[in-house]
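K.L.:
Before anything else, here's the structure in question.
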Amino acid sequence: MSSSVSMLRRLFAAALLVLLPLDASLAADGFYKGKSVTFIIGSAPGGGYDTYSRLLASHLGQNLDGRPSIIPQNMPGAGSNKLAGYIYSVAPKDGTTIGAIFSGAIVQPLFGDPVQHDPSKLIYLGTANIEVFLCLARTDAPVQAFKDALDKELILGSSNEGGSTRDFAAMLNNVLGTKFRLVTGYPGSNEIILAIERNEVQGACGVGWSSVAPQRARLLDSGRTRLIAQLASRGHREMNRMGIPLAIDFAKSDEDRRVMDLIYSQLVFGRPYILPPNVPADRVAALRKAFMDTFRDPEIITEAARMQLDIDALSGDEIQAEVAKAFATPRNIVERARQAMIYKSR
């Protein structure tokens, strides 16, 4: 009799394991206990990507079963394509390496640029926010409003090919006819902002509001620079209140607008965090849950607000779907967008 009861209990317990949903934080089966996770940031220290990533790195481990240590390090280069290639091909595929890449590294391969990774095969952990990119100019520059840039030259600081400050400025020249001249090679937004302050360049296009906001006092409130355009399909609530125009509203045709919309799609990717292909599904689930738990924590949101960081997180599932949608765009629009981001020096 006792043997039959024991057997029934074992069968009942097995049934519960099948029927009850597993908590994603436990799905990794204790894998992260005693482990460390390398968190690699594809930009130079000190800029907006670095600041967001280090905030996440400082709290993510607390939301993972086993509380692993999260070790941030920087790997700038090629508009973060260097890091994307490393994550895709070299990084361990066991959930112990996370990458923080530029959103441009997701769409650049769509446009046929030679890179060492396939964004459609990367695993997306999530994004910290939906970004709004901006054009800003020194108040002593000849361009005082965006419409002036259609007739007057403005010298902009930018990163190399693949970075938003280079590709977005080139797109504005090619689609709208602006007269931006680029000084390339700056490793990140922080260095470009310093170059503007030193009058090495007169402005920048493609700098995220989340990079500008923490330095608002020295950039905008000081009267040193002004915002002249939003680079997005829809405006940011604060930028709209400030009356900053949308560059897309200067498009001359529906096709021009579609080209700009495709290029702007990377803004939905915001500040994406990635994993290599083929990471075990249970660890992906655990990391994605920990990511969203981190950026939904009221204390962390308060900490981010003190740092003037805009948190509007999207889940890895949502980003994965948006990447698939972008890669399904008609080829003629993709080709025009690709051509639009080729910078032609004057």
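K.L.:
List pairs: first in region 173-187 and without any contact (Cβ under 8 Å) to a residue 60 or more places away in the chain and surrounded by fewer than 19 Cβ atoms within 10 Å (Cβ to Cβ), second part of a strand (DSSP E or B) and of a type outside the set (A, V, I, L, M, F, W, C), Cβ under 6 Å, 6+ apart or cross-chain?
P.N.:
Short answer, once both residue conditions are applied: Val183/Gly157.
K.L.:
If you scan region 159-180, which residues turn out to be more than 14 Å from Asp148 (Cβ to Cβ) and outside any loop (DSSP other than H, G, I, E, B)?
P.N.:
Those that are more than 14 Å from Asp148 (Cβ to Cβ) and outside any loop (DSSP other than H, G, I, E, B): Ser164, Thr165, Arg166, Asp167, Phe168, Ala169, Ala170, Met171, Asn173, Asn174, Val175.
K.L.:
Consider region 197-230. How many of its residues are in a strand (DSSP E or B) and either touching a Ser or Thr at 6+ places or on another chain (Cβ under 8 Å) or exposed (fewer than 13 other Cβ atoms within 10 Å of the Cβ) (or both)?
P.N.:
8
K.L.:
Scan region 270-281 and give yes if some residue there is at pLDDT 90 or above, in a helix (DSSP H, G or I), aromatic (Phe, Trp, Tyr) and buried (at least 19 other Cβ atoms within 10 Å of the Cβ), otherwise no.
P.N.:
Checked region 270-281: no residue is at pLDDT 90 or above, in a helix (DSSP H, G or I), aromatic (Phe, Trp, Tyr) and buried (at least 19 other Cβ atoms within 10 Å of the Cβ).
K.L.:
Okay, next question. Just for strands (runs of 3 or more DSSP E) wholly inside region 27-135: which have at least 2 residues that are within 30 Å of Pro298 (Cβ to Cβ) and of a type in the set (Asp, Glu)?
P.N.:
none
K.L.:
Confirm whether Thr302 is assigned by TED's automatic domain parsing to the domain that holds Lys121, outside any helix (DSSP H, G or I) and surrounded by fewer than 20 Cβ atoms within 10 Å (Cβ to Cβ).
P.N.:
Against the criterion (assigned by TED's automatic domain parsing to the domain that holds Lys121, outside any helix (DSSP H, G or I) and surrounded by fewer than 20 Cβ atoms within 10 Å (Cβ to Cβ)), Thr302 does not qualify.
K.L.:
Out of everything in region 62-78 that is over 17 Å from Asp29 (Cβ atoms) and among the small types (Gly, Ala, Ser), what residue ends up being surrounded by the most Cβ atoms within 10 Å (Cβ to Cβ)?
P.N.:
Among residues in region 62-78 that are over 17 Å from Asp29 (Cβ atoms) and among the small types (Gly, Ala, Ser), the one surrounded by the most Cβ atoms within 10 Å (Cβ to Cβ) is Ala78.
K.L.:
Return the residue satisfying two criteria in turn: it lies in region 136-163 and is over 18 Å from Leu219 (Cα atoms) and in contact with a Lys or Arg (Cβ under 9 Å, 6 or more places away or on another chain), and of such residues it is modelled with the lowest pLDDT.
P.N.:
It comes out as Asn160.
K.L.:
Still on this structure, please answer the following. For the subset of region 318-346 comprising residues that are surrounded by 14 or more Cβ atoms within 10 Å (Cβ to Cβ) and in contact with a Lys or Arg (Cβ under 8 Å, 6 or more places away or on another chain), which member is nearest to Ser211 (Cα to Cα)?
P.N.:
Tyr343
K.L.:
Anything in region 221-235 that is out of contact with any helix residue (DSSP H, G or I) (no Cβ under 6 Å at 6 or more places or on another chain) and in contact (Cβ under 8 Å) with a residue 24 or more places away in the chain? List them, or say none.
P.N.:
Selection gives Gly223, Arg224, Arg226, Leu227, Gly235.
K.L.:
Assuming Gln320 fulfils every condition listed in (1) more than 13 Å from Tyr124 (Cβ to Cβ); (2) under 16 Å from the mean Cα position of the chain (by Cα) apart from one, which condition is it?
P.N.:
Failing condition for Gln320: (1).
K.L.:
In addition: So is Gly206 free of Cβ contacts under 8 Å to residues at least 60 places away in the same chain and at positive phi or not?
P.N.:
no
The values are calculated or read from the model by the stated rules, or taken from the named source; none is laboratory data. What you see is a predicted model; the values in this text were computed from it and never measured. Cβ: placed from backbone, ideal geometry, glycine included. Neighbour counts: every protein chain shown.
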